[in-house]
Amino acid sequence: SLPSRERAIELAEYGWWFAPSAFGTDWALSRLLDVLRVVPVIQPTHAVVEKLAAVVCDDAKRVLEAVLLIVHGETEEPSLSNWTEHVRPILTAALESGDQVAHDRAVELINLFLARGVSEYQDLLVRG
């Protein structure tokens, strides 16, 4: 069952713990995914995506999974294009990682952005 509104708000606040590196990357990323799988909304979104960009080389598959969940949960279309400086390095690292799952998730994310009217990453499809 879906969490109550209060519980969803509480879970979304995990981003304040994730973004500043209060915990080890592996543990923090695992907990972020746990939260996003329950409620695909996280605050502060921009800081979380920035942190994901900083750790993408450590675990591109899980970083892409997190970004996909965040984008699926994002209801404010204009905010999607505000992440360009952080999403582009995530996508580039995944496409160049040599990991097929990470590559496929990057392509899925680019296509999701395109479907939502954000074309900033379309050029990566040609390269990837």
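The values are calculated or read from the model by the stated rules, or taken from the named source; none is laboratory data. Being a predicted model, the structure only gives us computed values, none of them experimental. Cβ placement follows ideal geometry from the backbone for every residue including glycine, while neighbour counts extend to all protein chains displayed. What goes into the accessible areas is simple: the full protein's heavy atoms, side chains included, and nothing from ligands, DNA or RNA. Shrake-Rupley method; radii C 1.70, N 1.55, O 1.52, S 1.80 Å.
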What nm distance separates the two modelled labels at Asn111 and Cys57, each placed 7 Å from Cα along Cα→Cβ? 3.0
As a test question: what accessible area, to the nearest 10 Å², does His103 have when a 1.4 Å probe is rolled over all protein chains in place? 40
Of all the accessible heavy-atom surface of the stretch 28-69, with the other protein chains kept in place and a 1.4 Å probe, what percent is carbon and sulfur? 54
Can you work out the accessible area per residue across the stretch 39-120, with the rest of the protein chains kept in place, probe 1.4 Å, in square angstrom? 44
Report the residues of the stretch 27-64 in range of a label on Val101: point 7 Å along Cα→C-beta, backbone N strictly under 13 Å from it. 59-64
Could you pull out the trypsin sites (Lys or Arg not before Pro) across the stretch 56-126 that fall in loop regions by DSSP (anything but H, G, I, E, B) with no more than 15 other Cβ atoms inside 10 Å? Arg116
Once the Cβ-Cβ distance between Arg88 and Arg37 is put in as r, and R0 is 25 Å, what FRET efficiency do you end up with, to the nearest 0.05? 0.50
Over the stretch 39-102, volume per residue of the alpha carbon convex hull, in Å³: 77
Excluding ligands and nucleic acids, what accessible area in Å² is computed for Arg37 using a 1.4 Å probe, to the nearest 10? 140
Show me, for the stretch 89-96, the HN-Hα J-couplings you get by feeding each phi into the Karplus relation (A = 6.51, B = -1.76, C = 1.60, θ = phi - 60°), rounded to Hz, glycine and proline as x. x, 5, 5, 4, 4, 5, 5, 9
